[in-house]
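Bear in mind these aren't lab numbers, they're just calculated from the coordinates by the rules spelled out. Just so you know, these numbers come straight off a predicted model, no measurement behind them. Glycine gets a Cβ as well: all are built from the backbone with ideal geometry, and neighbour counts include every protein chain shown.
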Amino acid sequence: MTKGTVFKAVCFDWGNTIEMGKPSIVKTLQVVWKQFAPHATPDDILQAGQEAWSQLVLMEPRAKDLKDMEPFRQKLYARQAELMAAALGVSPNIPDWPWVFNVFFHNHYFKNRQWTIPRGHARVLRKLRSRGIPMAVVSNDDDPAQLPSVISQMGLTGFFVCEIASSSFGYCKPHPKIYLAALNRLNLRADEVLYIGDDFHNDYWGPEKIGMYPLLFDPERLHAKAQNVRRIEKLDQVLDYLEIQS
């Protein structure tokens, strides 16, 4: 952030940024990797994850990937498994084991998943609203009714200038069109908007490519070893960038 930079709005990711899910990514990694590396402690697994994520941020989608990110995501997941296995000193004797690991991970991660908005996150949104800071939400999802419904249930109707869900918009993050749509609704330049989210490629790489100022929301410190990535570990840290007291 250069001296004198003034941000006029904040654009948020939704899942695992405003609304938090359980089990978390780190907890899931610790449970699943225990099956592949019984000797590893929870801290060993966290550190292996940090080493892996420091390399994963170097992988960049190509232009054709932006139209369909699933093949890129699969490569990312496989590379994550390989890097973590190397860091933990294991080599599972299972055919195509990186893919097997990711099936285990996703089955555990999405099973009985529970979502809540922490009180501290709600306070941040209320603080921004009270100061007249425009806010937007840009979210990848599968159901166009889901995001408006959750926002209504949480008593946040009217908090956001726009709520853009990929399922209804037609493009998913990190395609530039979805961020540009939010900027159009905010009626601001990219460099006037902070972008906050937890996924590096969707919420940091993509927004930064079009000139927004991203902050990676990293409460579990998975990206602590990533180089040249601006991170916040608590959502109220966004207030510092807007010179608002928390």
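The table that follows gives values for the structure above.
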read-out	value
Positive-end residue of GLN74, ASN16, MET59, charge dipole of the chain with Cβ unit charges	ASN16
Dipole magnitude (debye, nearest 20) for the range 71-145, charges at Cβ of Lys, Arg, Asp, Glu	720
Sorted by Cβ density within 10 Å, fewest first, the residues VAL238, VAL10, VAL31	VAL31, VAL238, VAL10
Dipole in debye (nearest 20) - the chain, about Cα centre, beta carbon charges: Lys, Arg +1; Asp, Glu -1	500
Three semi-axes of the equivalent ellipsoid, the range 24-110, Cα gyration tensor, whole Å, largest first	23, 14, 12
Kirkwood-based Rg to Rh ratio, the range 142-246, C-alpha trace	0.96
Top positive-direction residue, dipole computed over the chain with Cβ charges, set ILE178, VAL6, ASN112	VAL6
Degrees, to the nearest 10: 119-130 long Cα axis against longest axis of the chain	30
Coordinate range along principal axes, alpha carbons of the chain, Å, largest first	56, 40, 38
For the range 1-145: rounded, prolate or oblate by the Cα gyration tensor [a/c cutoff 1.5]	prolate
The range 194-235-the range 1-71 distance, computed between alpha-carbon centres (Å)	9
Size of electric dipole in the range 24-110: Cβ of Lys, Arg +1 and of Asp, Glu -1, about Cα centre, debye, nearest 20	200
Folded to 0 to 90 degrees: helix 176-186 orientation relative to the chain principal axis, Cα	30
Out-of-range pairs (alpha-carbon distance over 19 Å; input LYS34/LYS234; LYS64/LYS209; LYS75/LYS177; LYS22/LYS111; LYS75/LYS225; LYS34/LYS225)	LYS34/LYS234; LYS75/LYS177; LYS75/LYS225; LYS34/LYS225
Peptides 84-90, 37-43 ordered by average Cβ neighbours within 10 Å, highest first	84-90, 37-43
Order of TRP14, TRP97 under a 10 Å beta carbon neighbour criterion, fewest first	TRP97, TRP14
SER149 versus GLN74: modelled label distance in nm, points set 7 Å from Cα along the beta carbon direction	2.9
